[in-house]
Amino acid sequence: MPSPRFCPQCGSGDLRHQLPPGDTHERLMCSGCGYIHYINPKIIAGCIIEQDGKYLLCQRAIPPRPGTWTLPAGFMESGETTEQGALREVWEETGVRAEIVSPYSIFSVPQISEVYIIFRAIAVENTGQYGPETLDCRFFAPEDIPWDSIYYPAIRQILERYIEERQAGVYGIYMGNDDSGKIHFIR
């Protein structure tokens, strides 16, 4: 996210990176009125949706990497919960109304300042109509998933683990990040 060139509070062009009193990080601050501009991570919320042993994936129509497949997910909007954001994104991208069963994975990508929150969900309605960010969407049996065309390695890892757990009938909750590559299993 680009930093503002002018203070959103007073309009001054005198913005500087400095350490606010009592803070631990440098922030962009207005020398005129003291406004502090915080840049916080973006939250991506989505779902693993299963129906009859198949998993819903959508094919991206927009950059980055159009044509690749991913779980339905996207950026949360202000004023919504993570659950609402995940279900809205599923609806917008796939035309599927879903019901959340439980949280499943929290994955941080500090280099691009993003946090992914993925829920387990079931489909309750499938309209067959998907949004403009999607080229195609469908439910895949595990053996038919286009594994080599999955958009992001973490999404592939989450989906592979979920399918193994579904077969075993035991689910965990996972936390991890792309810095350490470590995944923490919580039961």
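Read-outs: derived from the displayed coordinates by stated rules, not from any lab. The structure displayed is predicted, hence computed values, not measured ones. Cβ: placed from backbone, ideal geometry, glycine included. Neighbour counts: every protein chain shown.
Would you please give the FRET efficiency between I36 and E92, computed as 1/(1 + (r/R0)^6) with r the Cβ-Cβ distance and R0 = 22 Å, to the nearest 0.05?
E between I36 and E92, to the nearest 0.05, is 0.10.
Name the cysteines of the chain that stand alone by the Cβ rule: no other cysteine Cβ under 4.7 angstrom.
Isolated Cys, the chain: C47.
Hey, what angle do you get for helix 153-168 against the long axis of the chain, alpha-carbon based, 0 to 90 degrees rounded to 10?
40
Which FRET efficiency value, to the nearest 0.05, is calculated for S149 and Q111 with the Förster distance at 25 angstrom and r the Cβ-Cβ distance?
Calculated transfer efficiency: 0.60.
Taking 0.36 nm per intervening residue step and subtracting the Cα-Cα distance, what contour gain separates E125 from I173 on full extension?
Value of the extension gain: 14.7 nm.
Assuming 0.36 nm per residue, please report the length gained on full extension of the stretch I43 to E99 beyond their Cα-Cα distance.
The span from I43 to E99 would gain 18.2 nm if fully extended.
In segment 101-136, which residues have a backbone nitrogen under 17 Å from the label point lying 7 Å from T81's Cα in the Cα-to-Cβ direction?
101-105, 117-122
Helix 82-94 versus the longest principal axis of the chain: what angle, 0 to 90°, nearest 10, using Cα atoms?
Roughly 60 degrees, rounded to the nearest 10.
Going by C-beta contacts inside 10 Å, put D178, D23 in order with the fewest on the left.
Final ranking by Cβ density, sparse to dense: D23, D178.
Using the Cα centre as the reference, give the magnitude of the dipole from point charges on the C-beta atoms of segment 106-178 (Lys, Arg: +1; Asp, Glu: -1; all else neutral), rounded to the nearest 20 debye.
That gives a dipole near 200 debye.
Just name one of G172, P63, Q18: the one whose Cα is farthest towards the positive end of the charge dipole of the chain (beta-carbon charges, Lys/Arg +1, Asp/Glu -1).
Among G172, P63, Q18, the one farthest towards the positive end of the dipole of the chain is Q18.
Just to verify a number: FRET efficiency for R65 and S12, C-beta to C-beta distance, R0 = 30 Å, to 0.05?
Calculated transfer efficiency: 0.15.
Determine, for each peptide in 59-65, 47-53, the mean count of other beta carbons within 10 angstrom over its residues, then list the peptides with the highest first.
47-53, 59-65
Whole-Hz Karplus ³J(HN,Hα) for segment 8-21, in order, using 6.51 cos²θ - 1.76 cosθ + 1.60 and θ = phi - 60°, x for Gly and Pro?
Per-residue couplings from phi come out as x, 8, 10, x, 5, x, 9, 9, 9, 7, 8, 8, x, x Hz.
Using Cα centres only, tell me the gap between segment 113-141 and segment 3-73 in whole Å.
Taking the Cα centre of each part, segment 113-141 and segment 3-73 sit 22 Å apart.
Just from the alpha-carbon atoms, what are the Rg and Dmax of the chain in angstroms?
19.5, 61
How far is it, in nm, from the label point at R166 to the one at R5 when both lie 7 Å from their Cα along the line to the Cβ?
A separation of 5.0 nm, rounded to one decimal place.
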